[in-house]
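A.B. asks: Provided herewith is a single structure, encoded as structure tokens, for subsequent inquiry.
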Amino acid sequence: MTGKSIPARTVRTRRIAFSYPTGSLDRHYVQGDLVMSHIVAVLSGLFPEGEDFFIRSVRRYADQVTDPELKKQVSGFIGQEVTHGREHRALNDRLHDMGYPTRMVDRFTHYLMIRSDRLFRQKFQLAVTAALEHYTATIAECLLRKPEAQALLGENEVRSVLLWHALEESEHKTVAFDVYRTVGGSERLRINTMRLTNALFVPIVVVLTAISLAGDRAAYNPVRLLRSLARLRHSPFLTRDMLEHVRAYNRVGFHPDDIDATELLERWKVELFGAEGSLVDHLK
Ligand SMILES: [Fe+2]
Ligand SMILES: [Fe+2]
């Protein structure tokens, strides 16, 4: 991408807020499903510190970005990730009150990210950010694309926060990647970093989810636990097309826009923030 101009895309920071009044969420807020409720809580626990790390690793290179379009997108990316972190911290506080170990997950992520800041070179950190942004875009576009994934979420405020976050992850999915290319990041480092991320990310989520479940009395009901695990096997998030979407990143020459989400984004922008959008009342 070095030397080529960056195609225009809108990455705007929405001023938005969500609220979770006491009693508005069931203990197992993902449609009563035990394991999915814990997985979503773990992911939400990982986001704020993870997104702070993404912001630091991109911001460090902001001075080297000269393309005016990419500069604009970097500002939008930072604004969106700052807002995601803030809103997920609010959700995590609520989940903590409901008995989820979101503070432990947050401390763990903080430790991991601060160690990464100190130990690894900056280009590698940017490659980690691009890899994890591919993960978030993959999960986000699965949620936006598949009605059965949306159906899992039910109708509460967690659904709203996740749909908004998913829309913005897809909107800015190329930004960290394009910064990485612009500052001369190699294909070899990019792909090797994704291999390492693949080896670490899923096991980390699995272990944290197991710890989270261990603190929930409902998980000691074997029938309930096994039923929930069985449902997970047929989850729309764990399908072959998801695996292919993740793996596409390992092809030399891959770009996030190779997985076209233009129409999907247009549809969801109207759905959430159009004149009759379901989240217009959340905008400040
Ligand atoms: Fe985000
Ligand atoms: Fe992101």
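Please treat every number below as a calculation from the coordinates, not as lab data. It should be emphasised that the depicted structure is a prediction, and the values quoted were computed from it without experimental measurement. FYI the Cβ positions are ideal-geometry reconstructions off the backbone, even for glycines, and counts take in every protein chain you see.
A.B. asks: Considering all alpha-carbon pairs of the chain, what whole percent are spaced by more than 29 angstrom?
C.D. replies: Cα-Cα pairs in the chain separated by more than 29 Å: 31 percent.
A.B. asks: Taking loop as defined by DSSP and a crowding limit of 10 other beta carbons within 10 Å, which trypsin sites (Lys or Arg not before Pro) in the stretch 138-228 fit?
C.D. replies: When the trypsin sites (Lys or Arg not before Pro) of the stretch 138-228 are filtered for loop state and at most 10 Cβ neighbours within 10 Å, nothing remains.
A.B. asks: Next up: Could you give the radius of gyration (one decimal) and Dmax (whole number) of the Cα atoms in the stretch 173-275, in Å?
C.D. replies: 18.7, 53
A.B. asks: If you don't mind, another one. Once you put a point 7 Å from the Cα of R14 and another 7 Å from the Cα of N221, both along the Cβ direction, what distance in nm separates them?
C.D. replies: Taking the simple label geometry, R14 and N221 are separated by 3.5 nm.
A.B. asks: Here's a follow-up. Work out the length of the dipole vector of the stretch 25-145 about its Cα centre, built from +1 on the beta-carbon of each Lys and Arg and -1 on the beta-carbon of each Asp and Glu, and round it to the nearest 20 debye.
C.D. replies: With only Lys, Arg, Asp and Glu charged at Cβ, the dipole is about 420 debye.
A.B. asks: Residue farthest toward the positive end of the dipole of the stretch 34-251, with Cβ of Lys/Arg at +1 and Asp/Glu at -1: which of A41, L226, T174?
C.D. replies: The residue sitting farthest along the positive end of the dipole is L226.
A.B. asks: Can you give me the long-range amide H partners of I16? Hydrogens built in the peptide plane at 1.01 Å from N, cutoff under 5 Å, separation of 5 or more residues or another chain.
C.D. replies: Sorted by chain and number, the residues that satisfy this are K284.
A.B. asks: Right, something else. Between R59 and M104, what is the label-to-label distance in nm when each label sits 7 Å out along the Cα-to-Cβ direction?
C.D. replies: Here the modelled spin labels are 3.0 nm apart.
A.B. asks: Also: Given charges of +1 on the Cβ of Lys and Arg and -1 on the Cβ of Asp and Glu, with all other atoms neutral, how large is the dipole of the stretch 186-268 about its Cα centre, in debye to the nearest 20?
C.D. replies: Here the stretch 186-268 has a charge dipole of around 580 debye.
A.B. asks: Given labels modelled 7 Å from the Cα in the Cβ direction, how far is it in nm from A230 to L264?
C.D. replies: 3.0 nm
A.B. asks: To continue, here is another question. Going toward the positive end of the dipole of the chain, with +1 on Lys and Arg Cβ and -1 on Asp and Glu Cβ, which of L196, T129, L119 do you reach last?
C.D. replies: Among L196, T129, L119, the one farthest towards the positive end of the dipole of the chain is L119.
A.B. asks: Further question on the same structure: Please get the size of the charge dipole for the chain, origin at its Cα centre, with Cβ charges of +1 on Lys and Arg and -1 on Asp and Glu, quoted in debye to the nearest 20.
C.D. replies: Charge dipole, the chain, about its Cα centre: 860 debye, nearest 20.
A.B. asks: Okay, moving on. What percent do you get for the relative contact order of the chain when only Cα pairs under 8 Å and 6+ apart count?
C.D. replies: Relative contact order of the chain: 29 percent.
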